[in-house]
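The values are calculated or read from the model by the stated rules, or taken from the named source; none is laboratory data. Just so you know, these numbers come straight off a predicted model, no measurement behind them. In this analysis, Cβ positions are derived from the backbone assuming ideal geometry, glycine residues included, and neighbour counts consider all displayed protein chains. Quick note on the areas: whole protein, heavy atoms, side chains included, nothing else; ligands and nucleic acids left out. Shrake-Rupley method; radii C 1.70, N 1.55, O 1.52, S 1.80 Å.
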Amino acid sequence: MTTLRTNTSKTNTSNCHLHSCPHRIFYSRLFLRGPLKPVSALYPGSFDPPTNGHLDLIERGAKIFEELVVGILRNTEKSPMFSLAERLEMLKTLTAHLKNVRIEAFHGLMVEYAKSIDATCVLRGIRAVSDYEYELQMALMNRKLEPTLETVFMMPADKYSYVSSRLVREVAQAGGPVKGLVPEVVEQKLREKLEPAYRFHDEMQEGRAPGAKEKKRKRKS
Ligand code: PNS
């Protein structure tokens with residue numbers, strides 16, 4: 001017959017149960033750490049131009065962070081399609097209904113800017129697996145630069161999973177439709193900026209551009 005060995009020493013019987021008691025753990029942690037502080041987050045990016053995917057992420061972020069600062073990178077190397085002033089204006093208009101969202105511009109290291117505005121978290125969007133490698137690399141580099149800053153990834157709605165500023169620029173530069181990919185104010189700005197491309201594209205569609213009829217005839221034959 002096997003006998004069940006029970007440990008009767010004081011530390012291992014009564015204390016063992018108490019140490020693993022969920023209430024005890026909860027209250028002792030709360031006591032040691034105090035209540036969690038509201039988190040202020042930075043959502044950095046180029047936003048050239050802002051897309052519906054960006055807006056979707058801003059709206060999601062605004063729901064979980066106390067304050068969300070959208071930081072537009074003033075990138076001196078790239079030549080953006082939209083000036084910093086234009087991007088600031090577009091994003092301010094698009095987020096006017098979100099009271100805890102602020103739009104700002106920054107230059108230099110993102111982690112230093114985050115620190116200067118007391119953000120303890122960086123928000124980035126991941127659309128597909130293809131984004132992951134680049135985002136992971138950036139998050140780890142930022143952690144190396146500033147270990148106290150956490151990166152949080154959120155996913156935009158799946159209907160925006162293929163939308164990027166780069167592809168929007170490419171489609172618009174050829175006068176293609178960007179409806180549903182970017183907010184209406186951005187669509188309007190793209191049309192204004194790329195007016196000749198849109199005019200040529202529309203004329204081709206309507207068969208009014210020089211050579212359009214010829215092209216149509218060739219396609220039919
Ligand atoms: O919209 P994007 O172009 O993907 O945003 C990239 C951005 C602006 C977040 C990134 O390039 C950045 O943080 N640049 C600031 C300079 C910096 O801190 N570089 C180190 C990144 S590991």
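For the reader, a short list of remarks on this structure follows.
- Which listed residue is within 14 Å of the ligand (Cβ to nearest atom), polar (S, T, N, Q) and exposed (fewer than 12 other Cβ atoms within 10 Å of the Cβ), from Thr76, Thr148: Thr76
- For Gly45, the criteria (1) open to solvent by 60 Å² or more (accessible area, probe 1.4 Å); (2) within 23 Å of Val185 (Cβ to Cβ) hold in every case but one, which is (1).
- Residue within the range 84-98 that is among the β-branched types (Val, Ile, Thr) and either within 11 Å of the ligand (Cβ to nearest atom) or assigned to a helix (DSSP H, G or I) (or both) present: yes
- Residues that are more than 11 Å from the ligand (Cβ to nearest atom), of a type in the set (A, V, I, L, M) and closer than 17 Å to Ile58 by Cα within the range 109-125 comprise just one, Ala119.
- Residue satisfying condition, being small (Gly, Ala, Ser) and part of a loop (DSSP other than H, G, I, E, B), within set Ala139, Ala119: Ala119
- Pairs linking a residue in the range 132-143 that is more than 21 Å from Ser161 (Cβ to Cβ) and within 9 Å of the ligand (Cβ to nearest atom) to a residue that is open to solvent by less than 90 Å² (accessible area, probe 1.4 Å) and assigned to a helix (DSSP H, G or I), with Cβ atoms under 7 Å and 6 or more positions apart or on different chains, are Asn142/Met110; Asn142/Val111.
- Check on Ala172, among the small types (Gly, Ala, Ser) and either in a helix (DSSP H, G or I) or farther than 19 Å from Ser46 by Cβ (or both): yes
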